[in-house]
Protein chains: 2
Amino acid sequence: MRSWIESANDADCHFPVQNLPFGVISHSGGPPRCAVAIGDRALDLAVLEDAGLINAGAGERVFGQSVLNHFMELGKNAWEQVRLQLSDLLADGGNDVLKDDSDLRARALIPLGQVQSHLPFRVAEYTDFYAGRQHAFNVGSMFRDPENALPPNWLHIPIGYNGRASTVVVSGTEIHRPLGQMKPHGTDEPVFGACRRLDLELEMGAVVGLPNQMGEPVTVREADDMIFGYVLLNDWSARDIQAWEYQPLGPFQAKAFGTSISPWVVTKAALEPFRTSTPEREKVLHPYLREPGPMLYDIELEILMQPEAAGRATSISRTNYKNMYYSAPQQLAHHAVGGCRMNTGDLLGSGTISGPEKAQYGSLLELTWGGKEPLTLDTGETRSFIEDGDTLTLTGWAQGSGHRIGFGECSGKILPAPAEKNW
Amino acid sequence: MRSWIESANDADCHFPVQNLPFGVISHSGGPPRCAVAIGDRALDLAVLEDAGLINAGAGERVFGQSVLNHFMELGKNAWEQVRLQLSDLLADGGNDVLKDDSDLRARALIPLGQVQSHLPFRVAEYTDFYAGRQHAFNVGSMFRDPENALPPNWLHIPIGYNGRASTVVVSGTEIHRPLGQMKPHGTDEPVFGACRRLDLELEMGAVVGLPNQMGEPVTVREADDMIFGYVLLNDWSARDIQAWEYQPLGPFQAKAFGTSISPWVVTKAALEPFRTSTPEREKVLHPYLREPGPMLYDIELEILMQPEAAGRATSISRTNYKNMYYSAPQQLAHHAVGGCRMNTGDLLGSGTISGPEKAQYGSLLELTWGGKEPLTLDTGETRSFIEDGDTLTLTGWAQGSGHRIGFGECSGKILPAPAEKNW
């Protein structure tokens, strides 16, 4: 399928007509509204809705809202209906009403370079998992014991913890290096100051579109139906703060200063052709966690690092989402099994996605093995952890036949820590 | 100070005119609206606001809302102004306009027995701390090592973890026993089923009224100013699920099935006379955690347990909030120090409040020492953990001179676990 928007037909374009990811943009001084990305354009859905060309079936307009939550709440039929309407308007040989109306085109199709992206949905709550086997093995080897690197529960439970929704930000938002308590090797007492071991974590984020009720578990299949789509996610991590704080109740301030997501939510519908199974189970899972079909996706992923003065970024890792041991529907089913209510706008981080080879690791902690083996960037600079002014970018796509279902970029620059206050 | 509402002048009344706690109620078939409790009545603030008798200074009405968040967002001056207006309307010798208007009184003053309480604020995010020294010592002794019961960071950091806001419910809401994975002693593999070691945790909840900005730490004094008030909080806990899941990333499903809070938020203004200092520090705190004045409160607390068939509840613990090692402003300052944005409606659980004596412990885990020393209730029944049909009630008050600043009750009944699905 091709689009009459020519840029959407490039083989390496992230946003062909098969994709149609949803986001929230503002442009031309107007307020934020919902959009999809197509080729090198953002398509303003509020304009199309006002023109009567799309309709989510809600009896009220949902695309003039500043978040996707209202649209997501309408459910699967609405998601499918709008996808079909948009596909018909944008594909070659479909409904020509947008293609043939130059005034409407000018108002609705805005060059991506001229739009500001906003957080695409109000993040209700944010949960981060730990579902990459290689990552869990690497971290366990470094901090615990290579002979017993995986925690005893790891092969039985998609281990997760509640993160902080208030600091989930859209790609492009700058992040301050956090202040915090750390206990460097060889010191008797903890010190306070700016994090010295600042890291990223390459993850995918699953966006919950539909809720369950408190006290009502869901099956893995029902969980899959509750998911609206996926984004790239960078779980920025302060390793030294984490090491000192995380026992016994888990990561807290080490992960609370910022989590970046890509601006476009790629729908499950667009990802259908790329479903793949989780790897063979090393332990038999309890029935509530068993997948009735393939629920991971084959998505190529890459991390780029660019120091402030560098003219270009260096690729520091290439991996794939299919490396995960647990899928997002498994994680969501586990999340709800005790009766936890999940809401529209909940965000589930997959856990760090590290492939089996060193060049496929999803964090600096692993890529530099705890800082002991610094990376050399294309500029000749070396990095053990992130320095002030560095920009980290995640990108990813599912490779179709002649097209890519792309996620765009999830990018963030690290600013210096705030000045200490007169405490 | 006395009120012309006679029931408010009883020495053991929780809601004298000195208290004026805020909540959300519905009555007479109407929609939820904001209220304060006074004596044995709820005072409908939407009615008073419509009548022009109170005014939060916002230029718009805030008390017809179904949550207190809009009022809380207005800040300290609005909180003080409304408290003064209400005090004037309710105290003997003040403004008689409500007292003298029988029609208005009938519409605004509703017997507490005729109102339904709602969750008083939209819980933005929920964080639970672990700031009771005796509790941390007890738990550390049971699960780790009595010689090293406190984690190394405990005397330096108010340890906390992110909880789940979506299952914070108001007192009176029934809670299903959760399903989950557990690994009973002596088994090689985990089992799945209904929690067998269901517990409560007696806590206070601090309600954040005002936000900070992402990337901007706050001092302990600023944190104190951000807090709107306090509630009773029961952090229901599934001990067997927790034991199996919590390493390495902390409690998750063990705490996600429900957290109950009392319906009336007691304001910081009402608690001012009861400020007391945290205990002497065993380790010097980093400056960002030092308190510029007393920031705990002297609040008597009690736990009551009532089996389904019992005619009355048994008091199973008496303790005091002043037993905590860290105050809520210290916890909030720590929460924000790395740059985490805190929002209006954030809820901070204090951690389990256990006094030094066994009869003062704040959980069944401690009261029955891991289930080994069951309690005997007044009915003759024994309990190691919570059984289906049991109702647990927290209550508490600050004892003034001839009056109490009371918190009312935080109550919840446990229902059986949901039937397992056809996974």
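The values are calculated or read from the model by the stated rules, or taken from the named source; none is laboratory data. All of these numbers come straight from a predicted model, not from anything done at the bench. A quick note on method: Cβ atoms are made from the backbone with ideal geometry, for glycine too, and the neighbour counts reach across all protein chains shown. Note: accessible area is taken over every heavy atom of the protein model, side chains too, but ligands, DNA and RNA are not part of it. Shrake-Rupley method; radii C 1.70, N 1.55, O 1.52, S 1.80 Å.
Note on segment A:307-341: among residues that are more than 20 Å from A:Lys283 (Cα to Cα) and of a type in the set (Lys, Arg), the one that is modelled with the lowest pLDDT is A:Arg312.
Considering only residues of segment A:378-401 that are open to solvent by less than 10 Å² (accessible area, probe 1.4 Å) and farther than 21 Å from A:Pro178 by Cβ, which is nearest to the chain's Cα centre (by Cα)? Checked segment A:378-401; the qualifying residue nearest to the chain's Cα centre (by Cα) is A:Gly396.
Beta carbons closer than 8 Å, at least 6 apart along the sequence or on distinct chains, pair a first residue in segment B:407-419 that is more than 12 Å from chain A (Cβ to nearest Cβ) and hydroxyl-bearing (Ser, Thr, Tyr) with a second that is open to solvent by less than 10 Å² (accessible area, probe 1.4 Å) and in a strand (DSSP E or B) for B:Ser411/B:Ser260; B:Ser411/B:Leu392; B:Ser411/B:Leu394. Here B:Met214 clears all of (1) under 30 Å from A:Asn422 (Cβ atoms); (2) in a strand (DSSP E or B); (3) within 7 Å of chain A (Cβ to nearest Cβ) except the condition numbered (2).
In segment A:222-245, what residues are hydrophobic (A, V, I, L, M, F, W, C), open to solvent by less than 10 Å² (accessible area, probe 1.4 Å) and more than 30 Å from A:Val82 (Cα to Cα)? The answer is A:Trp236, A:Ala238, A:Ile241. For B:Pro292, the conditions (1) buried (at least 20 other Cβ atoms within 10 Å of the Cβ); (2) within 14 Å of chain A (Cβ to nearest Cβ) are fulfilled apart from (1).
Kindly indicate whether A:Ser350 is of a type in the set (Ser, Thr, Tyr), buried (at least 24 other Cβ atoms within 10 Å of the Cβ) and under 16 Å from the mean Cα position of the chain (by Cα). Answer is yes for this residue. Residues of segment B:19-29 include none that is surrounded by fewer than 20 Cβ atoms within 10 Å (Cβ to Cβ) and closer than 30 Å to B:Asp225 by Cβ.
Yes/no per residue for (1) touching a helix residue (DSSP H, G or I) at 6+ places or on another chain (Cβ under 6 Å); (2) within 29 Å of A:Asp12 (Cα to Cα):
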{"site": "A:Ser354", "(1), (2)": "yes, yes"}
{"site": "A:Thr376", "(1), (2)": "no, yes"}
{"site": "A:Ser384", "(1), (2)": "no, no"}
{"site": "A:Thr395", "(1), (2)": "no, yes"}
{"site": "A:Asn422", "(1), (2)": "no, no"}
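Taking the conditions exactly as written (part of a strand (DSSP E or B) and either in contact (Cβ under 8 Å) with a residue 24 or more places away in the chain or not aliphatic (A, V, I, L, M) (or both)), does A:Leu365 satisfy them or not? Judged against the criteria, A:Leu365 is not a match. With respect to (1) over 17 Å from A:Leu20 (Cα atoms); (2) open to solvent by 70 Å² or more (accessible area, probe 1.4 Å), the lone exception for A:Ala58 is condition (2). Are any of the residues in segment A:226-235 part of a strand (DSSP E or B), within 23 Å of the chain's Cα centre (by Cα), in contact (Cβ under 8 Å) with a residue 60 or more places away in the chain and within 13 Å of another protein chain (Cβ to nearest Cβ)? No, every residue in segment A:226-235 fails to be part of a strand (DSSP E or B), within 23 Å of the chain's Cα centre (by Cα), in contact (Cβ under 8 Å) with a residue 60 or more places away in the chain and within 13 Å of another protein chain (Cβ to nearest Cβ).
Look at (1) open to solvent by 10 Å² or more (accessible area, probe 1.4 Å); (2) under 22 Å from the mean Cα position of the chain (by Cα); (3) not aliphatic (A, V, I, L, M) and you find that A:His334 fails only one, number (1). Taking B:Leu285, is it out of contact with any Lys or Arg (no Cβ under 8 Å at 6 or more places or on another chain), more than 8 Å from every other protein chain (Cβ to nearest Cβ) and over 30 Å from B:Gly400 (Cβ atoms)? Criteria met by B:Leu285. Looking only at segment A:181-212, which residues are acidic (Asp, Glu) and either in contact with a helix residue (DSSP H, G or I) (Cβ under 7 Å, 6 or more places away or on another chain) or modelled with pLDDT of 95 or more (or both)? Scanning segment A:181-212 gives A:Glu189, A:Asp199, A:Glu201, A:Glu203.
Every condition in (1) open to solvent by 40 Å² or more (accessible area, probe 1.4 Å); (2) assigned to a loop (DSSP other than H, G, I, E, B); (3) within 14 Å of chain B (Cβ to nearest Cβ) holds for A:Pro248 except the one numbered (1).
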